[in-house]
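Each remark here refers to the structure printed beneath this line.
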Amino acid sequence: MNGQTIIERWFGRGWLSLGYLFLYLPIVVLVVFSFNSSRQDMVWSGFSTQWYAELLRDSEIIGGFALSLRIAVMSASAAVVLGTFAAFVLNRYRRFAGRVLFSGMVSAPLVMPEVIIGLSLLLMLVSVQKVFGFPERGMFTIWIGHTLLGMAYATVVVQSRLQEMSKSLEEAAMDLGCRAHQVFFLVTLPNITQALASAWLLTFTLSLDDVVLSAFLSGPGSTTMPLVIFSRARLGLDPRVNAVAALTILVVSVGVIAASIMMARAARLRQQ
């Protein structure tokens, strides 16, 4: 190994390390200062868990976190179901009436600013409410907006997996007498479980930290956790915000690790 190769290797590792520091150092600092006994930001005065104790008595943050968690779970589940069907149609049926329009409508939320999506949904829901008296802005309307945005991301993830999947398995199942719905549920779905898990985690995270759509679609008594944090950050940093952010990071990390273990186990089973 010559000197130039060693320099290039260490140069690459250095840039990679700087990238990781840029991405994760603020998160580490946030978690560390959630145990700071001082109320002043970035002034360490000793280790303490008092902000976690005060967080348990903060009904606004707890209520916002519970609401965000419920909306994230429901929107991620709905987005994965709708995105899977959309991806299957786009990948397996190359020609049908309105395919170009359908593909464009599915992909539009990926390139459209969330402000435009939120405003258009707000105007539509207000018009529908004037006519039918339903729905009122709240948890349901936020769920609609998050599902719309998440479905676009889920479609991309699942569609990429379907493109890599060999169609010979589905054709073999049909040759053996399986009907179309049996092929989908018994052959296709088991082979795209990793993509489904990845799409669910992605849409769950997008919903959990969304501010723009939630701001447009929320109503009285339906303030999500990001909106609570954003409103408090405008008045000055609150140490309880650091605590709830640290707990959120913990929940998301546990979910990602559990999903990774499950996907790795499923991959080993398929290889066996």
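The values are calculated or read from the model by the stated rules, or taken from the named source; none is laboratory data. Given the structure is predicted, the values throughout are model-derived calculations rather than measurements. Cβ atoms come from the backbone with ideal geometry, glycine included; neighbour counts cover every protein chain shown. Ligands, DNA and RNA are stripped out before the accessible areas are found, and what is left, the full protein with its side chains, is counted by its heavy atoms. Shrake-Rupley method; radii C 1.70, N 1.55, O 1.52, S 1.80 Å.
Just to verify a number: FRET efficiency for Leu169 and Ile6, C-beta to C-beta distance, R0 = 51 Å, to 0.05? Present the calculation step by step, with values, prior to reporting the outcome.
Details: r = 46 Å, r/R0 = 0.90.
Here the calculated transfer efficiency is 0.65.
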### Query
Any idea what diffusion coefficient the stretch 178-272 gets from Stokes-Einstein, in µm²/s, Kirkwood Rh on alpha carbon pairs, 4 °C, 1.567 mPa s?
79
#### Entry: Values of log10 I(q)/I(0), in the order q = 0.20, 0.33 Å⁻¹, for the stretch 208-257 under a Debye, Cα-only, solvent-free model
-0.77, -1.17
### Query
Could you give the alpha-carbon Rg of the stretch 40-131 over 2.2 N^0.38 Å, rounded to two decimals?
1.76
### Message
Report the Rg/Rh value for the stretch 102-223, based on alpha-carbon coordinates and the Kirkwood definition of Rh.
### Response
1.11
#### Entry: Of Ser168, Ser214, Ser222, the one that fluctuates the most in a GNM where the chain has Cα springs shorter than 10 Å
Ser168
### Message
If I model the chain as equal point scatterers sitting on the Cα atoms and use the Debye formula, what is log10 I(q)/I(0) at q = 0.08, 0.11, 0.12, 0.13 Å⁻¹?
### Response
-0.48, -0.83, -0.94, -1.04
### Backbone N within the stretch 57-81 under 20 Å of label point (7 Å from Phe185 Cα along the Cβ vector)
77-81
### Summary
Longest the chain segment clear of trypsin sites (Lys or Arg not before Pro) sitting in DSSP loops (not H, G, I, E or B) with at most 15 other Cβ atoms within 10 Å runs 96-166
### DSSP H segments from the chain that extend 24 Å or more along their own axis, Cα-based, with Kyte-Doolittle mean of 1.0 or above
3-33, 59-92, 114-132, 239-271
### Query
How high is the FRET efficiency from Phe230 to Leu176, r the C-beta distance, R0 45 Å, rounded to 0.05?
0.20
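For every helix of n ≥ 4 consecutive DSSP H residues, a contribution of -39,500 (n - 2.57) applies; sum these over the chain, divide by its total residues, and give [θ] at 222 nm rounded to the nearest 500 deg cm²/dmol. Write out the running numbers ahead of the final one.
Values: 12 runs with 206 residues, N = 272.
Rounded to the nearest 500, the figure is -25500 deg cm²/dmol.
Considering only protein heavy atoms and a probe of 1.4 Å, how much of the accessible area of the stretch 127-272 is carbon and sulfur, as a whole percent? Present the calculation step by step, with values, prior to reporting the outcome.
Details: 5260 of 8160 Å².
The value for the stretch 127-272 is 64 percent carbon and sulfur by accessible area.
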### Quarter of the Cα convex hull surface for the stretch 111-152, i.e. its orientation-mean projected area (nm²)
2.9
### Task
Mind checking the per residue accessible area of the chain for me, 1.4 Å probe, whole number of Å²?
60
### Message
Using alpha carbons only, how many angstrom separate the centre of the stretch 82-149 from the centre of the stretch 182-214?
### Response
17
### Task
Sticking with the crude label model, points 7 Å out along Cα→Cβ, report the distance from Glu136 to Trp15 in nm, one decimal please.
5.6
### Message
Step by step: find N for the stretch 1-83, compute 2.2 N^0.38 Å, then divide the Cα radius of gyration by it. What's the final number?
### Response
1.81
### Task
Compute the distance in nm between two label points, each set 7 Å from the Cα along the Cα-to-Cβ direction, one at Val43 and one at Leu119.
4.2
